[in-house]
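Let me begin by presenting the structure, written as structure tokens, before commenting on it.
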Amino acid sequence: MRKINHRKLEHIRICLTEEVEAGSPGFEKVRLAHDALPELDFDEIDTSCEFLGKTLDSPIIIEALTGGADESKEINQDIARVAQKLNVGFSVGSQRAAIEDAALEQTYKVRDVAPDIFLIANLGAVQLNYGLGVAECERAVEMISADAIALHVNPLQELIQAEGNRNFKGLVGKINGVAKKIKSPVILKEVGCGISRETARKLKVSAYDVGGLGGTNWALVEGIRSGRQDTGRVFSTWGIPTVESVIELSGLEKPVIASGGVRSGLDAAKAIALGASCVGIALPVLKAWEEGRTKGVECYLERIVEELKISMFLSGARKIGDLSGKASLN
Ligand SMILES: Cc1cc2nc3c(=O)[nH]c(=O)nc-3n(C[C@H](O)[C@H](O)[C@H](O)COP(=O)(O)O)c2cc1C
């Protein structure tokens with residue numbers, strides 16, 4: 001088996017069998033305004049939203065998990081089916097393996113089961129320093145008929161990973177070059193350490209996915225993989241918690257996905273009240289898939305949507321937009 005595919009399967013195995021979450025995303029510090037008399041009928045609560053030109057029934061993106069191996073195909077297809085049923089967004093995992101070996105493309109393709117979803121392609125931004133360019137980003141989008149591409153940045157993960165790519169020089173210019181030339185929207189995504197306002201302002205992308213501290217922790221995951229658990233643990237608290245990153249990026253007038261430790265519909269309501277357009281969830285969806293395949297994922301996401309609706313009702317928000325301004329910090 002190729003090295004990348006093996007690594008992706010190891011990530012799944014470690015995430016499903018070890019404790020890989022660390023820190024707090026910060027939702028416990030956020031309170032939503034309580035309305036004892038909401039003047040609403042619960043059945044009229046509307047969780048639909050617009051994201052990069054598409055309407056979602058709920059402001060949820062199932063974040064990148066996998067691709068490149070037979071098991072990945074089953075996971076991507078099962079999860080995409082649920083995304084289609086609930087009309088929420090979905091991202092495939094890094095497509096680098098399929099860029100290097102076209103035989104693996106089918107492990108990412110989901111349009112046969114999810115023709116209408118907001119679908120996000122995925123590549124590591126650091127690969128722009130290791131031979132990939134605009135053409136490969138276009139290729140990733142076309143390969144799966146995606147609506148957008150997420151370029152993920154993960155400097156901490158690359159440093160803890162034994163085989164990580166460590167040259168991040170010149171990436172801002174290269175990411176902006178891709179965003180300018182490619183036809184689809186580019187989402188700049190962190191993977192567990194958050195994005196600061198200062199970093200975000202350098203980028204000419206269409207949206208940000210904060211990938212903040214407090215959820216799946218890649219210092220821990222790669223520490224376990226590379227046998228460097230101690231160093232992994234040292235850096236497991238490094239980064240900007242999800243809530244802080246969302247606050248930093250709100251006001252930049254670009255859509256923000258709040259991800260990293262979003263674990264309930266109440267977390268989702270808080271993130272949106274703080275300025276996020278959507279939330280992104282990865283690890284709990286993988287766990288729900290392991291437990292119950294499509295049914296497990298569907299039940300989990302239905303729970304999240306129900307909790308989001310309860311939060312909206314209790315704070316007097318009939319529509320997603322009504323949540324704006326309803327959050328305060330403890
Ligand atoms: C098993 C696993 C594999 C992942 N693979 C990718 C990937 O290929 N590309 C990517 O951008 N993010 C990847 N991620 C990161 C997630 O998309 C997400 O940003 C991160 O886990 C934070 O969300 P969470 O706390 O809800 O898990 C992966 C996450 C998990 C759990």
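Bridgeable aspartates and glutamates around residue 319 (alpha carbons under 18 Å apart, same-chain partners fewer than 8 residues away excluded): 35, 39, 41, 43, 44, 46, 50, 57, 267, 302, 306, 307. Counting only Cβ charges, +1 for Lys and Arg and -1 for Asp and Glu, the dipole size of segment 177-311 around its Cα centre is about 560 debye. The gain in end-to-end length when the residue 162 to residue 293 segment is fully stretched comes to 44.0 nm, 0.36 nm per residue minus the alpha carbon separation. Accessible surface area normalised per residue over the chain is 41 Å², counting heavy atoms of protein chains with a 1.4 Å rolling probe.
Against the criterion of solvent-accessible heavy-atom surface with a 1.4 angstrom probe, 222, 74, 105 sort, most first, into 74, 105, 222. Sequence-ordered 3J(HN,Hα) estimates for segment 181-190 from the Karplus curve with 6.51, -1.76 and 1.60 and θ = phi - 60° stand at 8, 6, 6, 8, x, 9, 10, 8, 10, 8 Hz, glycine and proline given as x. DSSP beta bridges confined to the chain are antiparallel in about 20 percent of cases. Filter 189/295; 73/109; 169/204 down to the pairs with a C-alpha to C-alpha distance above 19 Å, please. In this structure, 189/295 exceed 19 Å between Cα atoms.
Solvent-accessible area assigned to carbon and sulfur over the chain amounts to 50 percent, based on a 1.4 Å probe.
Sorting the segments 37-43, 151-157 by their mean number of nearby beta carbons within 10 angstrom, highest to lowest, gives 151-157, 37-43.
One decimal place: the segment residue 302-residue 145 gains 53.9 nm when fully extended, by the rule 0.36 nm per residue minus the C-alpha distance. Taking each DSSP H run with n ≥ 4 as -39500 (n - 2.57) and averaging over every residue of the chain yields -12500 deg cm²/dmol at 222 nm. Around the amide H of residue 22, modelled in the peptide plane, lie the amide H atoms of 214, 215, 217, all under 5 Å away and 5 or more residues distant in sequence or on another chain. The modelled label-to-label distance for the pair residue 14/residue 46, using points 7 Å beyond Cα in the direction of Cβ, is 4.5 nm. Placing a label point 7 Å from the Cα of residue 172 along the Cα-to-Cβ line, the residues of segment 131-161 whose backbone N sits under 20 Å from it are 151-156. To the nearest 10, the accessible area of residue 109 is 90 Å² with a 1.4 Å probe. Axis angle, to the nearest 10 degrees, between helix 3-17 and the longest C-alpha principal axis of the chain: 40 degrees.
The values are calculated or read from the model by the stated rules, or taken from the named source; none is laboratory data. Note that the structure is predicted; figures quoted are calculated from it, not measured. Every residue, glycine among them, receives a Cβ derived from its backbone with ideal geometry; neighbour counts consider all protein chains shown. Just the protein is used for accessible areas: all its heavy atoms, side chains included, with ligands, DNA and RNA removed. Shrake-Rupley method; radii C 1.70, N 1.55, O 1.52, S 1.80 Å.
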